[in-house]
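The values are calculated or read from the model by the stated rules, or taken from the named source; none is laboratory data. Since we're looking at a predicted model, the values are computed, not measured. Please note: Cβ atoms are built from the backbone with ideal geometry, for glycine as well, and neighbour counts cover all protein chains shown.
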Amino acid sequence: MFATPDQLLALHKANLASLQALTASSFEGMERLAQLNIAAARSTVDEAAEKVKALLEAKDVKAVTDLSVNAVQPVGEKLTAYAKHVYDIASETSAEFVKVVDQQMADSNRQLHTVIDSMARNAPAGTEGMVSFVKQAVSSASTAFDQFNRASRQVVEMAEANMTAAGKSVSKAAANGKRAA
């Protein structure tokens with residue numbers, strides 16, 4: 001498949017670069033997720049301390065009830081915001097992976113077409129049908145992969161739209177809950 005050791009070395013270098021890019025994207029996603037979790041934990045602890053302090057300072061049962069009602073309402077919004085941040089981090093990390101894999105697939109397809117063209121030029125007489133069959137098979141596989149990629153992207157877009165709609169409905173429900181209280 002490779003005419004020279006230099007071609008094999010170039011392939012290994014390209015694979016190493018892809019691996020490094022995937023690893024860097026993974027670590028960046030993990031760092032962002034860890035920072036989000038630390039910020040969420042810090043915020044939760046601070047808010048809990050404030051609410052306990054407010055409960056201890058309450059003078060009557062109505063004040064305690066009001067504090068309890070007001071404490072529950074923003075939880076849905078915060079959970080939705082947290083889930084959205086996690087989803088955004090995962091989505092961006094996934095997009096980086098897709099970019100690297102797409103580039104790797106494009107490079108592999110170019111190399112495969114180069115090999116097939118070389119094979120066609122050097123093929124013995126009478127094997128044109130086999131070469132044509134191989135070219136058609138590669139073309140069909142490439143088309144199927146492209147269709148799979150498009151379908152996957154549509155699923156991701158639908159999931160993002162559903163996430164956005166869910167966030168809006170939770171925010172709307174929380175706003176209605178505040179008005180009712």
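Just one of the listed residues (Ala125, Ala63) is part of a helix (DSSP H, G or I) and out of contact with any strand residue (DSSP E or B) (no Cβ under 9 Å at 6 or more places or on another chain), and it is Ala63.
Results for (1) within 29 Å of the chain's Cα centre (by Cα); (2) outside any helix (DSSP H, G or I); (3) surrounded by 14 or more Cβ atoms within 10 Å (Cβ to Cβ), shown as yes or no for each residue.
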residue: Val52; (1), (2), (3): no, no, no
residue: Ser68; (1), (2), (3): no, no, no
residue: Val75; (1), (2), (3): yes, no, no
residue: Ala81; (1), (2), (3): yes, no, yes
residue: Ala95; (1), (2), (3): yes, no, no
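Would you check which residues across the stretch 103-140 are surrounded by 12 or more Cβ atoms within 10 Å (Cβ to Cβ), within 28 Å of Ala17 (Cα to Cα) and among the charged types (D, E, K, R) and list them? Matches in the stretch 103-140: Asp107, Asp117. If the condition is being farther than 27 Å from Val75 by Cβ and at pLDDT below 80, then the stretch 147-181 contributes Asn149, Ser152, Arg153, Val156, Glu157.
Just checking, does the stretch 78-98 include any residue being touching a residue at least 60 places away in the same chain (Cβ under 8 Å) and within 17 Å of Ala14 (Cα to Cα)? Within the stretch 78-98, one or more residues are touching a residue at least 60 places away in the same chain (Cβ under 8 Å) and within 17 Å of Ala14 (Cα to Cα). Inside the stretch 49-74, residues that are small (Gly, Ala, Ser) and over 30 Å from Ser169 (Cβ atoms) make up a count of 3.
Taking the stretch 1-50 as the range and being at pLDDT below 85 and surrounded by 12 or more Cβ atoms within 10 Å (Cβ to Cβ) as the test, the residues that pass are Phe2, Gln7, Leu8, Ala10, Leu11, Ala14, Asn15.
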